[in-house]
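Remarks on the structure that follows.
Just so it is clear, none of the values below were taken in a lab; they were calculated from the coordinates. Model, not experiment: these values are computed from the prediction.
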Amino acid sequence: MDGGTDSKSLKHFIAGQWVDAAAGAMFEVFNPLDDSHYAFAAKGTTEDIFNAVAAAKAALHLTKKQRQPSASAGSCGSQRSWKRVRKIW
């Protein structure tokens, strides 16, 4: 890849969404095999850390019903595996 329009853009996953860095900064990621351009990644700052920590803290306070997967989310394993997931919460 040459960094043009076909370049990958890697974002932060915060509060269930892929988001750009708060400051909008990016840095280039290189393929370690041949040093070719691989992608541009969001360059996080302390603001991004605070946003991620706040989202994680908020997720801890969700009710059990809010944490359960919806039927419309599709199948993601057996009922037994969901019971294990719910036990963790």
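Once backbone amide H atoms are built at 1.01 Å from N, ALA25 has LYS43 as its partners under 5 Å, excluding neighbours fewer than 5 places away on the same chain. Backbone geometry of region 24-37 corresponds, through the Karplus equation with coefficients 6.51, -1.76 and 1.60 at θ = phi - 60°, to 3J(HN,Hα) couplings of x, 6, 10, 9, 7, 10, 10, 6, x, 6, 9, 6, 7, 5 Hz, x marking Gly and Pro. For ALA39, the residues whose modelled amide H falls within less than 5 Å of its own, excluding neighbours fewer than 5 places apart on the same chain, are VAL29. Under 5 Å between amide hydrogens, built in the peptide plane, is the criterion, and for ILE14 it picks out VAL19 among residues at least 5 positions away or on other chains.
Each residue of region 43-59 is assigned a 3J(HN,Hα), and the resulting list reads 9, x, 10, 4, 4, 5, 5, 4, 4, 5, 5, 4, 5, 5, 5, 5, 5 Hz, derived from the Karplus form 6.51 cos²θ - 1.76 cosθ + 1.60 (θ = phi - 60°), x at Gly and Pro.
Straight-line reach from LYS8: taking Cα to Cα under 20 Å and skipping same-chain neighbours fewer than 8 places apart, the aspartates and glutamates in range are ASP20, GLU28, ASP34, ASP35.
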